[in-house]
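As structure tokens, the structure follows; a few thoughts come after it.
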Amino acid sequence: MAALGDARRVVVKIGSALLVDRDSGALREGWLASLAADVAGLRGQGADVVLVSSGSIALGRALLGLPARALSLEQSQAAAAVGQIRLAGAYEAALARHDIRAAQVLVTLEDSENRRRYLNSRATLDQLLRLGVVPVVNENDTVATDEIRYGDNDRLAAQVAVTAGADVLVLLSDVDGLYTANPQTDPSARHIPQVAGITAEIMAMAGDAGSGLSKGGMKTKVMAARTATAGGCAMAITRGDLDHPLAALAQGARATWFAAQGDPQQKRKAWIAAMKPRGRITVDAGAAQALGRGSSLLPAGVSAVDGAFGRGDPVELADEAGRVLGQGLTRYDAADATRIAGLRSDQIEDALGHAPRGPLIHRDDMAI
């Protein structure tokens, strides 16, 4: 099983019930300060950290004086618009005490289901992490309607973990993991410390009960584990309603760990290789050798472009003898790829009329 201290990239999901006091609707600033210290500790060990945080609607509801009963869609979106400012500011202030910059990233379900938006999200997260920033991700509740919603941040966190190529996902919860039955109603329920695979039996153990502020129950967490582990990311469910929850987990706090099904990068490359190609890019001998060494594909090494593909589509990579070398997701559509084929990096902006998007196909988006 994965250990938090060994992780290279960690995604942490924080629910509304942990961030917002249920009675007053106020932010739990002391708890958030302890979480920020934990994040600084992980970064000090060399790990990238992404936070997936609920709380905007709960905070906005209190600030606007909206009733405790269920809100209409319009009320929820208004509450989110107000609460997002408060939430982002709170994370910014808490992390700044450790000289860490924060960024707000708002997404909808469409951003992971549409390949172009998926690539944009992945590129943005990767660039923020390279710059030493901690992204704080939330569903864009101000614009998302039911048909483009994740619906719960457990599911969102799992998708963010896969998108970001994380090797550990931590769901901070009000329980310390998965039990054979609901421990609140069944005194014989046993805690399960490790899950090697998501079976029908494991799914049957998960209940639906959630807290008054959160939407996700254990069932959504196990469904999140299925998504994350299939993408090569280990996942832990552990208690978050204590100070320094990540430090506690790293020191062996009780949790349920779900084993990753392979390496995240290997899983991503297998996913790319299984796609149906929309076109072909032929590369010269020098580029073919560079691809074999794990390099990205630069336009200078391209000798021909075939097919009608869009940005984010899968394309075959072949050498000039016609041998297929692999497959990748292109950062340019067919027309722009044709315009820049064979050009040096300093010639691309003039050919396109705008700044380039980097390599034609990044090595992380390629299966050779």
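Every read-out reported here was derived from the displayed coordinates using simple, explicitly stated rules and does not represent laboratory data. Note that the structure is a prediction, hence the values are computed from the model and not measured. Neighbour counts are summed over all protein chains in view; Cβ atoms, including those assigned to glycine, are modelled from backbone coordinates with ideal geometry.
Observations
- Estimated FRET transfer efficiency (ASP263, ALA3; beta-carbon r; R0 22 Å; 0.05): 0.90
- Size of electric dipole in region 249-329: Cβ of Lys, Arg +1 and of Asp, Glu -1, about Cα centre, debye, nearest 20: 440
- For LYS13, the lysines whose Cα falls under 20 Å of its own Cα, not counting residues fewer than eight places away in the same chain, are LYS215, LYS219, LYS221.
- Linear extension gain, VAL324 paired with LEU64, 0.36 nm per residue minus alpha-carbon span: 87.7 nm
- Where only DSSP H runs of four or more residues are counted, the chain gives -11000 deg cm²/dmol as its mean residue ellipticity at 222 nm, each run worth -39500 (n - 2.57).
- Top of MET218, MET235, MET203 by mean-square fluctuation, Gaussian network on the chain, Cα under 10 Å: MET203
- Those residues of region 236-275 whose amide nitrogen sits under 12 Å from the label point placed on GLN194, 7 Å along Cα→Cβ: 257-260
- Spin-label model, ALA273 to ALA285: label points 7 Å out along the Cα-to-beta-carbon direction sit 2.7 nm apart.
- Highest-fluctuation residue, SER173, SER53, SER296 considered, GNM on the chain with Cα pairs under 10 Å: SER296
- Taking N as its residue count, the alpha carbon Rg of the chain over 2.2 N^0.38 Å: 1.07
- Simple label model, 7 Å out from Cα along Cβ direction - GLN127 to ALA230, nm: 3.0
- Region 1-159 shape via C-alpha gyration tensor axes, a/c threshold 1.5: oblate
- The chain, dipole about Cα centre (Lys/Arg Cβ +1, Asp/Glu Cβ -1), debye to the nearest 20: 320
- Residue with peak Gaussian network fluctuation, the chain [Cα springs, cutoff 10 Å], from ALA102, ALA236, ALA196: ALA196
- Calculated on alpha-carbon atoms, Rg and Dmax of region 275-367 in Å: 11.7, 33
- Over region 164-287: Rg over Rh, Cα atoms, Kirkwood Rh: 1.13
- Within the shell of other residues whose beta carbon sits under 12 angstrom from the beta carbon of GLU92, the net charge comes to +3, with Lys and Arg scored +1 and Asp and Glu -1.
- Antiparallel content of DSSP bridges confined to region 4-262, in %, to 5: 20
- Two-site label geometry, ASP350 and ARG117: point separation in nm, points 7 Å out along Cα→Cβ: 3.8
- Each peptide in 318-326, 36-44, 131-139 gets a packing score, the mean of other Cβ atoms within 10 Å over its residues, and the list from highest to lowest is 131-139, 36-44, 318-326.
- The residue list MET366, GLN77, GLN159 was ranked by how far each Cα lies along the charge dipole of the chain toward its positive end, using unit charges on Cβ atoms, and MET366 comes out on top.
- Cα centroid separation, region 291-368 to region 39-83 (Å): 40
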